[in-house]
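Asks: Take a look at the following structure, please.
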Amino acid sequence: MVIWGLVSLFLIGGNTVVHQYPCYVVVDPGHGGKDPGAIGRRGTKEKDITLKIALYLRELAERDDDIEVILTRTKDIYLPLSTRIEIAQAYNPGIFVSLHCNAARSYRLHGVEVYILSPARTNWERAVEARENEVLKWELDLPEGDEATILYDLAQIEMLQESKLLAKCVLNSMVNSLGLHDRGIKQANFYVLRVFMPAILVEMEFISNPNREQWLCDSMNQKRIAIAIYNGIKEFIRNYQ
């Protein structure tokens with residue numbers, strides 16, 4: 001099991017004092033800048049929704065001594081997936097949460113689903129994987145090579161169980177507190193989840209559904225989403241630390 005946060009030991013007057021630093025939670029607002037992500041029928045851009053919710057998550061952490069939220073981006077800029085990974089690794093051990101809005105050809109689909117890094121099993125998972133990895137077309141300097149892949153795969157096996165538990169906590173929190181349709185925990189080979197820590201990608205709702213798009217644009221709902229995700233993270237830390 002991963003050890004959350006950092007612990008320092010030092011002596012004061014002959015006594016050992018233990019100081020527990022906050023748990024690092026790296027929150028990645030998906031897309032940004034020249035990459036708008038999915039665009040709703042009303043013109044809402046995924047990149048704007050993910051950033052607003054990420055900023056609310058950081059606000060919640062500012063009032064909590066146990067968690068420190070680090071954002072991969074704080075404004076509307078394009079950030080390569082490799083850079084997002086580098087930022088996450090700088091705060092390891094910790095937790096990585098990538099925020100996204102779902103999309104589909106059907107405007108009727110709705111609900112929340114949470115992804116962990118593992119080979120896609122269904123056509124739906126492969127379709128979402130392809131859409132979220134599409135940004136790779138703008139990135140030319142990604143690490144390659146069989147040796148790097150093998151070493152990465154071995155290390156990632158250790159994180160898989162923790163990622164599943166984190167996904168379960170966040171998904172349950174969002175379903176129970178927001179009344180969202182539970183689309184389950186899914187898996188796909190998302191490049192952005194290739195970090196050596198528990199990591200999940202949250203598809204918060206379907207921006208392609210006009211009703212859900214309007215719901216996502218409401219600032220109160222954005223705050224409620226942030227609170228639900230935050231409570232799920234807290235539950236994971238509390239139960240599995």
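Asks: Please indicate, with yes or no, whether at least one residue in the stretch 58-73 is buried (at least 18 other Cβ atoms within 10 Å of the Cβ), touching a His at 6+ places or on another chain (Cβ under 8 Å) and among the hydroxyl-bearing types (Ser, Thr, Tyr).
Replies: no
Asks: Right, next: Considering (1) in contact with a Phe, Trp or Tyr (Cβ under 6 Å, 6 or more places away or on another chain); (2) at pLDDT 95 or above; (3) among the acidic types (Asp, Glu), say which one GLU132 fails and leave the rest.
Replies: Of the numbered conditions (1) in contact with a Phe, Trp or Tyr (Cβ under 6 Å, 6 or more places away or on another chain); (2) at pLDDT 95 or above; (3) among the acidic types (Asp, Glu), the odd one out for GLU132 is (2).
Asks: From the list LEU193, LEU201, LEU180, exactly one residue is over 14 Å from the mean Cα position of the chain (by Cα), in contact (Cβ under 8 Å) with a residue 24 or more places away in the chain and either within 19 Å of GLY30 (Cβ to Cβ) or surrounded by fewer than 17 Cβ atoms within 10 Å (Cβ to Cβ) (or both). Which is it? Full working, then the answer.
Replies: Working: LEU193 fails: over 14 Å from the mean Cα position of the chain (by Cα); LEU201 fails: over 14 Å from the mean Cα position of the chain (by Cα).
When all the criteria are applied, what remains is LEU180.
Asks: Could you list all residues from the stretch 177-194 that are over 25 Å from SER106 (Cα atoms) and either not aliphatic (A, V, I, L, M) or not in a helix (DSSP H, G or I) (or both)?
Replies: Answer for the stretch 177-194, where residues must be over 25 Å from SER106 (Cα atoms) and either not aliphatic (A, V, I, L, M) or not in a helix (DSSP H, G or I) (or both): SER177, TYR191, ARG194.
Asks: Now for a different question. Would you point out the residue of the stretch 36-59, among those that are small (Gly, Ala, Ser) and in a loop (DSSP other than H, G, I, E, B), that is farthest from ILE225 (Cα to Cα)?
Replies: Narrowing the stretch 36-59 to residues small (Gly, Ala, Ser): 37-38, 40, 43, 54.
Going one step further and asking which of them are in a loop (DSSP other than H, G, I, E, B), we end up with 37-38, 40, 43.
Working: GLY37: 19, ALA38: 18, GLY40: 18, GLY43: 21 Å.
If we take residues in the stretch 36-59 being small (Gly, Ala, Ser) and in a loop (DSSP other than H, G, I, E, B), then GLY43 is farthest from ILE225 (Cα to Cα).
Asks: For the stretch 51-88, which residues satisfy the criterion of being within 26 Å of TRP215 (Cβ to Cβ), among the β-branched types (Val, Ile, Thr) and in contact (Cβ under 8 Å) with a residue 60 or more places away in the chain?
Replies: Passing the criteria: only ILE53.
Asks: Considering only residues of the stretch 195-225 that are part of a loop (DSSP other than H, G, I, E, B) and touching a helix residue (DSSP H, G or I) at 6+ places or on another chain (Cβ under 6 Å), which is farthest from HIS110 (Cα to Cα)?
Replies: Quick first cut of the stretch 195-225, residues part of a loop (DSSP other than H, G, I, E, B) only: 195-198, 207-209, 218.
If we keep only those that are touching a helix residue (DSSP H, G or I) at 6+ places or on another chain (Cβ under 6 Å) too, we end up with 195-196, 198, 207.
Numbers: VAL195: 29, PHE196: 31, PRO198: 26, ILE207: 9 Å.
Of everything passing the filter in the stretch 195-225, PHE196 is farthest from HIS110 (Cα to Cα).
The values are calculated or read from the model by the stated rules, or taken from the named source; none is laboratory data. The model shown is predicted, which means the values in this text are computed figures rather than measured ones. Cβ coordinates were reconstructed from backbone atoms using ideal geometry, including for glycine residues, and neighbour counts include every protein chain displayed.
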